[in-house]
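The values are calculated or read from the model by the stated rules, or taken from the named source; none is laboratory data. Because the structure is predicted, anything quoted here is derived from the model rather than measured. FYI the Cβ positions are ideal-geometry reconstructions off the backbone, even for glycines, and counts take in every protein chain you see. Just the protein is used for accessible areas: all its heavy atoms, side chains included, with ligands, DNA and RNA removed. Shrake-Rupley method; radii C 1.70, N 1.55, O 1.52, S 1.80 Å.
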Amino acid sequence: MSKISKLFGGGAGSSSKSSPSSSKSKHRSRGEQATPREAIQKLRETETMLTKKQEYLEGKIQQELAIAKKHGTRNKRAALQALKRKKRYEQQLTQIDGTLSTIEFQREALENSSMNTEVLKNMGYASKAMKKVHERVDMDKIDVLMDDIQEQQDLAKEINDAISRPFGDEFDEDDLMAELQELELEEDTKTTARLPSVPSSRLPAERPSHRTPSKKRVEDDADMKRLASWAT
């Protein structure tokens, strides 16, 4: 057996013997389809892996940049090699950015589609349930029931009106108002009669409060003045 045969799993006989099982496994793997949830999980895992790769490349870029600055003009060859590696890392980083954008868009579209599918499925369940409920409903019975409810409401209103109606004789409101006006007029007349009458004659004029001093008081004042002059 040649080395090439050993490398690819033996000769023609061995390949023919293993072909049925291998073909079945291939067909089975191709026939299997991932669920939306599994696909979303795989996309998230890919995003995480690419994000870690971004962080790694960013660190390498900073490292090569530091090497280029370190050598500078003293070792141009080493500095140029560092800058070349930095450029390659930057290209890889740009490619990963584009891949991440595509994966994020695909994941969001798949999440929205999965959500819409779930919403439509639940709406379908609700529609079927509502249909089953309506199948048990007889519209004729509903009409009869509503008529009975309206009739009972009308009867309840009549009962309330009958209960709230006042008992006894009913009086004319105009007659009562006329009697009230007569009572008010009579009361006003009695009040006017109790007030005091105004006197017809004029009141006497007030006398002046100033009184002239008596003769004795004038004499006493004169004596006091004379005594005062003697004392001085």
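Miscellaneous remarks
- Residue in region 55-82 that is nearest to Gln106 (Cα to Cα), counting only those that are under 56 Å from the mean Cα position of the chain (by Cα) and surrounded by 16 or more Cβ atoms within 10 Å (Cβ to Cβ): Leu57
- Some residue of region 43-51 being open to solvent by less than 70 Å² (accessible area, probe 1.4 Å) and outside any helix (DSSP H, G or I): no
- Screening Met139 on (1) more than 30 Å from Met49 (Cβ to Cβ); (2) hydrophobic (A, V, I, L, M, F, W, C); (3) modelled with pLDDT of 90 or more shows it passes everything except condition (3).
- Within region 111-137, residues that are under 28 Å from Leu43 (Cβ atoms) have Cβ atoms under 8 Å from residues that are open to solvent by less than 80 Å² (accessible area, probe 1.4 Å) and among the β-branched types (Val, Ile, Thr) in these pairs: Glu111/Ile40; Ser114/Ile40, counting only partners at least 6 apart in sequence or on another chain.
- The set of residues in region 83-102 that are open to solvent by 50 Å² or more (accessible area, probe 1.4 Å) and touching a residue at least 12 places away in the same chain (Cβ under 8 Å) comprises Leu83, Arg85, Glu90, Gln92, Asp97, Thr99.
- Qualifying residue in region 137-145 (condition: assigned to a helix (DSSP H, G or I), of a type in the set (Lys, Arg) and exposed (fewer than 10 other Cβ atoms within 10 Å of the Cβ)): yes
- Looking only at residues in region 103-131 that are open to solvent by less than 100 Å² (accessible area, probe 1.4 Å) and among the basic types (Lys, Arg), the one that is farthest from Pro36 (Cα to Cα) is Lys121.
Table: residues versus (1) modelled with pLDDT under 80; (2) open to solvent by 100 Å² or more (accessible area, probe 1.4 Å); (3) of a type in the set (S, T, N, Q); (4) not in a helix (DSSP H, G or I).
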position: Asp148; (1), (2), (3), (4): no, no, no, no
position: Gln152; (1), (2), (3), (4): no, yes, yes, no
position: Asp161; (1), (2), (3), (4): no, no, no, no
position: Ala178; (1), (2), (3), (4): no, no, no, no
position: Ser197; (1), (2), (3), (4): yes, yes, yes, yes
position: Arg207; (1), (2), (3), (4): yes, yes, no, yes
position: Trp230; (1), (2), (3), (4): yes, yes, no, no
